[in-house]
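Here is the structure we will look at.
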Amino acid sequence: MKDSKGRTIDYMRISITDRCNLRCQYCMPEDVPSMSHEEVLRFEEILRLCRLAGQLGIRKFKVTGGEPLVRKGALSFLKDLKALPFTEQVTLTTNGILLKDIVPELKSIGIDGINVSLDTLRKDTFQQITRRDYLPQVLDGIFASQEAGIKTKINSVLMHGINDGEFFDLIHLARDYQVDVRFIEIMPIGYGSKYQGYNREKLLALLSEHYPYYTQELSTRGNGPASYIHIPGFKGCIGFIDAIHGKFCSSCNRVRLTSDGILKLCLYYQNGVSLRELLRSGASDEELLSVMQKAVERKPTEHQFHQSAQEGQPELRQMSQIGG
Ligand code: SAM
Ligand code: SF4
């Protein structure tokens, strides 16, 4: 469907849990209370909302978290989501720890792509960033996914003084394996505001010292705002997602559903529409559709991350509670 600014909204990120088996410093604190099971939408509730979203024109779903694979039943949910009448694409964003063993099942349900977050290839830095020690499992998950022929992307957040020395090691994954490596500019949401990040411009300046002959990659490689380059001899592409410096709000195609049933129209703003109470108080499909449609129409024009005096009501939740 179109929102009031004429943007086509056809993509929804669904967070199926706020729980996670990592504790990335920029995403969540060590001690974080999880939502109770009652607060979190049941899979059948999420599927009902996705079916209705399909009627509104949402065709592509990204399943995220917290860590989506820690939720029991995540695989059957992905399969059911794929089978909904309007679904064209289901992709997954994961930290990769639990990925390796379920790659064959993901392949057999026809997953359309897997994004794995990986900020470092060093054991000690992995421990420092995530507060856990699972680097080998994450790497095994990435290798298994690309070996199975699943479209696999690595998402990295580079931070000054923490993992920025690994820029070339990370891009070399796209040289040696069939993966795209994308750099996400850190956003000042929750704990992210403590770090200084990198944008496309800075990274391209760095990259061209070693690889001056890259070309812009013009083929469509996803549903999102990433822009890509190709380096001769590399198997995959290098992507950049500049939420702050390369503001892409005018072409934003997405909405988000949090695990407690809030339909969020923009990552920046705290407010959204709570669908859980409606779902649980016996609302009809027509009532839900009408609420969802009105909400999407009112999608904010743009985020205000760049303002020093922030406008509106900025998001106070952590990224793990929203789903990235
Ligand atoms: N646990 C899964 C994972 O790590 O891929 C899915 C959820 S995680 C919140 C989704 C993405 O958000 C990850 O790639 C993570 O690096 C990114 N992220 C978290 N906090 C961020 C921040 N403040 N700025 C930019 N990206 C962030
Ligand atoms: Fe967990 Fe993903 Fe947040 Fe890291 S970025 S703490 S893996 S939800």
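The values are calculated or read from the model by the stated rules, or taken from the named source; none is laboratory data. Model, not experiment: these values are computed from the prediction. For neighbour counting, all protein chains shown are included, and Cβ atoms are generated from backbone atoms with ideal geometry for every residue, glycine included. Side chains included, ligands, DNA and RNA excluded: accessible areas come from the protein's heavy atoms. Shrake-Rupley method; radii C 1.70, N 1.55, O 1.52, S 1.80 Å.
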Residues to consider are SER108, SER193; find the one that is modelled with pLDDT under 95 and more than 19 Å from ASN21 (Cβ to Cβ). SER193
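Look through segment 50-72, keep the residues that are part of a loop (DSSP other than H, G, I, E, B) and open to solvent by 30 Å² or more (accessible area, probe 1.4 Å), and return whichever of them is nearest to ligand 2 (Cβ to nearest atom). Don't jump to the end; show me each part of the working.
The first filter runs over segment 50-72 and keeps only residues part of a loop (DSSP other than H, G, I, E, B), leaving 56-59, 65-67, 71-72.
So of that shortlist, the ones also open to solvent by 30 Å² or more (accessible area, probe 1.4 Å) come out as 59, 71-72.
Working: ARG59: 25, ARG71: 12, LYS72: 17 Å.
By that ranking, first place goes to ARG71.
For the condition farther than 24 Å from SER15 by Cα and not in a strand (DSSP E or B), what is the one hit in LEU288, LEU267, LEU206? Step through it out loud before you land on a result.
Values: LEU288 fails: farther than 24 Å from SER15 by Cα; LEU267 fails: farther than 24 Å from SER15 by Cα.
The unique qualifying residue is LEU206.
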Could you tell me which residue of segment 163-185 is nearest to the chain's Cα centre (by Cα), considering only residues that are open to solvent by 20 Å² or more (accessible area, probe 1.4 Å) and within 13 Å of ligand 1 (Cβ to nearest atom)? ILE184
Just checking: which of the strands (runs of 3 or more DSSP E) contained wholly in segment 81-181 hold 2 or more residues that are without any contact (Cβ under 8 Å) to a residue 60 or more places away in the chain, of a type in the set (Val, Ile, Thr) and out of contact with any Gly (no Cβ under 7 Å at 6 or more places or on another chain)? 89-94, 152-156
Given the condition among the hydrophobic types (A, V, I, L, M, F, W, C), open to solvent by less than 40 Å² (accessible area, probe 1.4 Å) and within 18 Å of the chain's Cα centre (by Cα), answer yes or no: does some residue in segment 219-233 qualify? yes
So, in segment 62-88, exactly how many residues are under 17 Å from LYS153 (Cβ atoms) and away from ligand 1 (no atom under 16 Å from the Cβ)? 0
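Conditions (1) surrounded by fewer than 20 Cβ atoms within 10 Å (Cβ to Cβ); (2) modelled with pLDDT of 80 or more, marked per residue:
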residue: ARG256; (1), (2): no, yes
residue: GLY261; (1), (2): no, yes
residue: GLY272; (1), (2): yes, yes
residue: LEU275; (1), (2): no, yes
residue: LYS294; (1), (2): yes, yes
residue: HIS303; (1), (2): no, no
residue: HIS306; (1), (2): yes, no
residue: GLN310; (1), (2): yes, no
residue: GLN321; (1), (2): no, no
Cβ-Cβ distance below 6 Å, separation of 6 or more or different chains: which pairs start in segment 24-37 with a residue that is closer than 15 Å to GLU67 by Cα and end on one that is open to solvent by 70 Å² or more (accessible area, probe 1.4 Å) and in a loop (DSSP other than H, G, I, E, B)? SER34/ARG19
Criterion first (touching a helix residue (DSSP H, G or I) at 6+ places or on another chain (Cβ under 9 Å), under 30 Å from MET159 (Cα atoms) and not aromatic (Phe, Trp, Tyr)) does LEU56 satisfy it? no
Being at pLDDT 95 or above, crowded, with 23+ Cβ neighbours inside 10 Å and either away from ligand 2 (no atom under 16 Å from the Cβ) or closer than 30 Å to LEU139 by Cβ (or both) narrows LEU99, LEU84, LEU47 down to just LEU99
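Taking the conditions exactly as written (buried (at least 20 other Cβ atoms within 10 Å of the Cβ) and farther than 20 Å from ILE16 by Cα), does CYS266 satisfy them or not? Before you say what the answer is, go through the steps one by one.
Working: buried (at least 20 other Cβ atoms within 10 Å of the Cβ): yes; farther than 20 Å from ILE16 by Cα: no.
No, not satisfied.
Looking at MET12, MET35, MET28 in this structure, which one is within 16 Å of ligand 2 (Cβ to nearest atom), open to solvent by less than 10 Å² (accessible area, probe 1.4 Å) and either in a loop (DSSP other than H, G, I, E, B) or farther than 30 Å from GLY161 by Cβ (or both)? Spell out the reasoning first.
Numbers: MET12 fails: within 16 Å of ligand 2 (Cβ to nearest atom); MET35 fails: open to solvent by less than 10 Å² (accessible area, probe 1.4 Å).
Exactly one of MET12, MET35, MET28 is within 16 Å of ligand 2 (Cβ to nearest atom), open to solvent by less than 10 Å² (accessible area, probe 1.4 Å) and either in a loop (DSSP other than H, G, I, E, B) or farther than 30 Å from GLY161 by Cβ (or both), namely MET28.
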Could you tell me whether PHE126 is of a type in the set (A, V, I, L, M, F, W, C), surrounded by fewer than 21 Cβ atoms within 10 Å (Cβ to Cβ) and more than 18 Å from the chain's Cα centre (by Cα)? no
Could you check GLY282 against (1) at pLDDT below 95; (2) in a loop (DSSP other than H, G, I, E, B); (3) open to solvent by 20 Å² or more (accessible area, probe 1.4 Å) and say which number it fails? (1)
